[in-house]
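One structure is given here, and the rest of the page talks about it.
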Amino acid sequence: MTTPHTIAVLGLGRMGSALATRLAAQDRDVVAWTRSGRTPGTVKTTGDPNEAVARADLVLVALFDGPACRQVLDDVRDSLRTDTIVLNTSTIAPAEATSLARQFGPSYVHAPLLGSVPAAAGGDLQILAADQKALDRVRPVLETLGTVRHVAAAATAAALKLIANNSLAGAVLALRDALRQADALGLPRTQTLDVLELGQLGALVARKRPFLLDEPTPATAEFTIGAPAKDMALLAAASDTPLRSAAGLADTPAAPEADIAVAATVPAVKDAVLEPLRAYIRGHATGDPTHFRDAFLPTAHIEGIRDGAFVSWRLDEYCALFPGRPARDEPTRTRRIDALDVHGTVATATMTLRHGGDTFTDLFLLVLADGNWRIANKAYHRHD
């Protein structure tokens, strides 16, 4: 069997660009095409995908999702040579991988990738390759990119990739939560990272330490927000199981150039966003309504059920409830900020207050107004 030499790469996102650049650097004849029009400048490109595949004996697909794979491969199918192999490295649903394998038969190899852009550039990827007839022909190309791990079928390869991405997303969210708690406790960031690096999150902490310490980092992000959010949705649908990491990622803005590790481990929350919540806590701790006026917008309302009836207090009415001195049992009372999510100029927060025998859950809507964060509204629930 001859090893493919002329390779068409369809898709030049971060990973596709890294793959094409790596193959070209290994003396492969590479021509690439991208829907976005952005090119890395390290490989030959064409504006026509049919032109890219017409003379290729291997077509490497590195696209965002299953529908993109199907659309692009449908568009170029008539231009494929009879001996051309389609090597799909995209992260797609198991059912989509099965469908493409059936459509292209023995000329199709499904081989999703485990690893980041730097791993692709260094040839250090882990590759989950479905053991089909064409795999031996493309093995030399795959081994240029990393280590090949055989799996039984295209659907299995696709499913394992989703499982791997789910574990990565969970680790990123765990690191985010740990850093938020450490910041709330006033722990030094360097010392916190030193300790976290000793544990189960060690590899992730080591990889992201420069960013987390605000040190210079390469401009290339490793993992976009849209991709893992999409992957977790695919896994939830395929397994019919709700995923905690999917919910966590859904809270993160899907900026096109964002890095998931940046978004999920951003040096927690700026003090400016926390300050109105801290002022609110000081108001309860001291009984001094001045702190509430610092915390809330003048137009704010405080709403909930009191003595079986719905109440909606204006700020002045709420402040009038406080006598200007701490409660007698203040030393035994506790308040905890449970969650804070920032979305540009608005934020939401949840707080638990244990006041004597009463426990309250407070929900806040905060806004950035005139350069300062303030609480726009509060709703509360008193637990029975």
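What follows is calculated from the coordinates using simple rules that are stated; it is not laboratory data. The model shown is predicted, which means the values in this text are computed figures rather than measured ones. With ideal geometry, Cβ positions are generated from the backbone for all residues, glycine too; neighbour counts draw on all protein chains shown.
How many angstrom separate the Cα center of segment 298-359 from the Cα center of segment 97-152? Centre-to-centre (Cα) distance: 55 Å. Here's how it looks for N377: its modeled amide H is under 5 Å from those of L365, which are all 5 or more places away or on a different chain.
Determine, for H284, H5, H343, H110, the number of other Cβ atoms within 10 Å of each Cβ, and report the residues in order from fewest to most. Could the numbers behind the result be given before it?
On the way: H284 21, H5 14, H343 10, H110 31.
The fewest-first ordering by Cβ neighbours comes to H343, H5, H284, H110.
For the chain, the relative contact order is 10 percent, taking Cα pairs closer than 8 Å that sit 6 or more residues apart in sequence and dividing their mean separation by the residue count.
Is the shape of segment 78-137 best called rounded, prolate or oblate, per the rule: a/c under 1.5 gives rounded, else a/b larger than b/c gives prolate, else oblate, with a ≥ b ≥ c the square roots of the Cα gyration tensor eigenvalues? Intermediate values should be presented prior to the final figure.
On the way: a/c = 2.10, a/b = 1.59, b/c = 1.32.
Judged from the Cα gyration tensor, segment 78-137 comes out prolate (a/c at least 1.5, a/b above b/c).
Once the Cα gyration tensor of segment 6-152 is found, what semi-axes does its equivalent ellipsoid get, as square roots of 5 times the eigenvalues, in whole Å, sorted largest first?
Details: eigenvalues 74, 67, 41 Å².
Semi-axis lengths for segment 6-152 are 19, 18, 14 Å.
For the chain, leaving out every one of the GluC sites (Glu not before Pro) that falls in a DSSP loop and has at most 16 other Cβ atoms within 10 Å, the longest unbroken run is 1-196.
What number does segment 271-383 give for Rg over Rh if you use C-alpha atoms and the Kirkwood radius?
On the way: Rg = 13.4 Å, Rh = 14.2 Å.
Dividing the radius of gyration by the Kirkwood radius yields 0.94.
Here's the list of lysines a cross-link from K378 could span, going by alpha-carbon distance under 24 Å and ignoring same-chain residues fewer than 8 apart: K270. Ignoring lysines fewer than eight residues from K161 along the same chain, the ones with Cα atoms less than 29 angstrom from its Cα are K133, K208, K230.
Return the calculated 222 nm mean residue ellipticity for the chain, to the nearest 500 deg cm²/dmol, obtained by summing -39500 (n - 2.57) across DSSP H runs with n ≥ 4 and dividing by the residue count. Kindly include the intermediate steps, with their values, before the conclusion.
Values: 15 runs with 161 residues, N = 384.
Helix contribution divided over all residues of the chain: -12500 deg cm²/dmol.
The relative contact order of segment 271-383, computed from alpha carbon pairs under 8 Å that lie at least 6 residues apart in sequence, is 26 percent. With a ≥ b ≥ c taken as the square roots of the eigenvalues of the C-alpha gyration tensor of segment 22-71, please select rounded if a/c is under 1.5 and otherwise prolate if a/b is larger than b/c or oblate if it is not? The shape class here is prolate. Among the trypsin sites (Lys or Arg not before Pro) in segment 278-343, those located in a DSSP loop and surrounded by at most 12 other Cβ atoms within 10 Å of their own Cβ are R328. The average projected area of the chain, computed from the convex hull of its Cα atoms over all directions, is 23.2 nm².
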